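Structure first, then comments.
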Amino acid sequence: MNNFEFHNPTKLIFGKGTISNLDKLIAPEKKILLTYGGGSIKKNGVYDQVKKALKNHNVIEFGGIEPNPKYETLLKAVELVKKENIDFLLPVGGGSVIDGTKFIAAAVKLDSDPWNILNGKAQIKAALPIGAILTLPATGTEMNGNSVISKLATKEKYGFSSKYVYPVFSILDPETCFSLPDIQIANGIVDAFVHVMEQYLTYPVNSPLQDRMAESILITLTEVGPKALKNKTDYNEMANFMWCATMALNGAISRGVAEDWTTHIIGHELTALHEIDHAQTLAVVLPGVMSVMRENKKEKILQYGQRVWGVNSSNANTAIDETIAKTEQFFESMGIPTKLNKYSVGQDTIDTIVKRFTDRKSVFGEKGDVNPDAVRKILEIRK
Ligand code: NZQ
Ligand code: ZN
């Protein structure tokens with residue numbers, strides 16, 4: 001096992017009725033900016049619960065943060081925070097609202113151009129405190145220091161990570177998920193599934209606990225996914241879904257093991273260029289990564305196939321092909337297509353993505369050998 005440190009500062013408050021704890025979690029003298037998206041929280045009653053809990057606090061609002069949150073919109077919030085002397089940020093929504101608010105928190109404290117946060121030139125040294133209310137299990141952003149932001153003007157999508165943007169608390173009430181449309185449930189299950197895969201499907205480092213934790217999240221997601229789609233207001237299904245998604249990307253399963261975020265890095269380009277939902281890009285790309293990088297990942301693909309899907313072929317290549325097929329079938333069974341043509345993405349986009357990585361001199365993968373040629377192969381077989 002590799003050396004590691006583990007410190008996750010987010011206090012998680014989980015369960016029915018927990019939004020009412022808000023008034024005790026935020027000091028009364030704080031001036032709060034409540035951020036939200038396109039209005040789902042106003043339709044499902046979450047907004048009302050938040051306002052009721054904070055009736056004695058000073059709260060200002062900023063709505064309209066888009067899915068795949070836009071840099072241009074977030075800069076307006078940065079101005080508002082400065083003008084109003086906000087000292088606490090309260091995102092209420094899915095990953096986009098929380099990620100967007102993490103960017104606001106860091107940009108407000110930065111002396112240089114906020115774009116430097118996303119091109120990696122700025123060193124983040126401070127951020128406003130954030131308390132999050134999650135309404136869509138998927139990204140794990142409620143308990144990590146990551147954020148992914150898109151720039152409309154240039155069709156770029158980049159992430160940043162900082163210890164300063166972990167939420168100080170996150171409230172997860174599974175009842176807030178009862179209003180989720182089918183596609184967001186499917187997206188959430190697939191996103192969480194692929195988060196586990198990106199921290200698991202590398203090479204063995206003798207980490208049986210991390211491996212089994214990862215496999216147990218994967219198996220639970222395969223069980224919960226179809227049930228959550230069928231019974232959208234079943235509290236226990238939503239609770240298990242929510243907890244899986246948080247555990248998939250709060251740092252626990254990646255301690256001491258190699259990671260490979262190739263699927264996400266390529267997927268972000270598909271979203272940047274075509275606004276395809278994040279999880280849908282992952283469902284397309286992951287099977288391609290498993291196939292093209294099968295030699296690097298051989299032992300872990302075989303272990304995953306056997307332990308998660310019961311694949312037992314004695315021929316390694318056959319077992320890997322069967323495992324990839326099982327993974328694809330699972331995504332498809334959740335209602336997420338896994339081929340590029342289903343999203344009207346053609347050869348020109350593959351060429352553009354390969355050119356972008358070539359220009360940026362990007363290489364990734366657990367062994368640093370996923371170069372633009374490999375990216376081309378991965379995308380070509382997903383046409
Ligand atoms: O905007 P509103 O009206 O709130 O509607 C949203 C949005 O249209 C809706 N929604 C959310 N909760 C709802 C609901 N509708 C009904 N009932 C509810 N309870 O769902 C739509 C999608 O929301 P969004 O926040 O965009 O989805 P998600 O949580 O999947 O977040 C996706 C973003 O997170 C990034 C992705 O790249 C993408 O930008 N990620 C962030 C990560 C992180 N910070 O660690 C890791 C991930 O890999 C991912 O990259
Ligand atoms: Zn993801």
Problem set entry | Top-ranked residue of the stretch 199-209 - restricted to ones that are buried (at least 20 other Cβ atoms within 10 Å of the Cβ) and of a type outside the set (Val, Ile, Thr), ranked as nearest to the chain's Cα centre (by Cα) | Gln199
For this session: Of the conditions (1) within 16 Å of ligand 2 (Cβ to nearest atom); (2) out of contact with any Lys or Arg (no Cβ under 7 Å at 6 or more places or on another chain); (3) open to solvent by less than 10 Å² (accessible area, probe 1.4 Å); (4) assigned to a helix (DSSP H, G or I), Asp260 clears all except one; give me its number.
Result: (4)
Exercise. Conditions: (1) crowded, with 24+ Cβ neighbours inside 10 Å; (2) within 15 Å of ligand 1 (Cβ to nearest atom). Tyr235 meets all but one. Number of the miss?
Worked result: (1)
Exercise. Of everything in the stretch 177-198 that's open to solvent by 10 Å² or more (accessible area, probe 1.4 Å) and in contact with a helix residue (DSSP H, G or I) (Cβ under 8 Å, 6 or more places away or on another chain), which residue is farthest from Tyr304 (Cα to Cα)?
Worked result: Ser179
Problem set entry | Considering residues of the stretch 275-311 that are of a type in the set (A, V, I, L, M, F, W, C) and more than 16 Å from ligand 1 (Cβ to nearest atom) only, the residue nearest to Leu201 (Cα to Cα) | Ile301
Seminar exercise, completed: Among the residues of the stretch 350-383, the number that are in contact with a Leu (Cβ under 6 Å, 6 or more places away or on another chain) and surrounded by 14 or more Cβ atoms within 10 Å (Cβ to Cβ) is 2
Exercise. Can you tell which of Thr220, Thr154 is more than 14 Å from ligand 2 (Cβ to nearest atom), surrounded by fewer than 24 Cβ atoms within 10 Å (Cβ to Cβ) and touching a residue at least 24 places away in the same chain (Cβ under 8 Å)?
Worked result: Thr220
Exercise. Are any residues in the stretch 129-151 open to solvent by 10 Å² or more (accessible area, probe 1.4 Å), within 24 Å of Pro174 (Cβ to Cβ) and more than 6 Å from ligand 1 (Cβ to nearest atom), and if so, which ones?
Worked result: Met143
Exercise. Assuming Lys52 fulfils every condition listed in (1) touching a residue at least 12 places away in the same chain (Cβ under 8 Å); (2) surrounded by 14 or more Cβ atoms within 10 Å (Cβ to Cβ); (3) not in a loop (DSSP other than H, G, I, E, B) apart from one, which condition is it?
Worked result: (2)
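Matching residues to (1) assigned to a helix (DSSP H, G or I); (2) more than 24 Å from the chain's Cα centre (by Cα):
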| residue | (1), (2) |
| --- | --- |
| Pro287 | yes, no |
| Leu302 | yes, yes |
| Ser313 | no, yes |
| Ala319 | yes, yes |
| Thr323 | yes, no |
| Pro337 | no, no |
Exercise. Conditions: (1) touching a residue at least 24 places away in the same chain (Cβ under 8 Å); (2) more than 16 Å from ligand 1 (Cβ to nearest atom). Gln123 meets all but one. Number of the miss?
Worked result: (1)
For this session: Can you work out which of the residues in the stretch 243-257 that are crowded, with 23+ Cβ neighbours inside 10 Å and assigned to a helix (DSSP H, G or I) is farthest from ligand 1 (Cβ to nearest atom)?
Result: Cys244
Exercise. Hey, any hits in the stretch 68-77 for a residue that's within 16 Å of ligand 2 (Cβ to nearest atom), surrounded by fewer than 24 Cβ atoms within 10 Å (Cβ to Cβ), of a type in the set (S, T, N, Q) and in the same structural domain as Ala138 (by TED's automatic domain parsing)?
Worked result: yes
Exercise. Which one of Ile41, Ile98, Ile86, Ile65 is within 14 Å of ligand 1 (Cβ to nearest atom), crowded, with 17+ Cβ neighbours inside 10 Å and part of a loop (DSSP other than H, G, I, E, B)?
Worked result: Ile65
Problem set entry | Any pair with Cβ under 7 angstrom, 6 or more apart, that starts in the stretch 322-346 at a residue that is more than 13 Å from Gly225 (Cβ to Cβ) and ends at one that is of a type in the set (Asp, Glu) and in a helix (DSSP H, G or I) | Thr338/Glu328; Thr338/Glu332
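The values are calculated or read from the model by the stated rules, or taken from the named source; none is laboratory data. Values in this document were obtained by computation on a predicted structure and should not be read as measured data. Heads up, the Cβs are rebuilt from the backbone with ideal geometry, glycines too, and the neighbour counts pull from every protein chain shown. All accessible areas refer to the heavy atoms of the entire protein, side chains included, with ligands and DNA or RNA removed. Shrake-Rupley method; radii C 1.70, N 1.55, O 1.52, S 1.80 Å.
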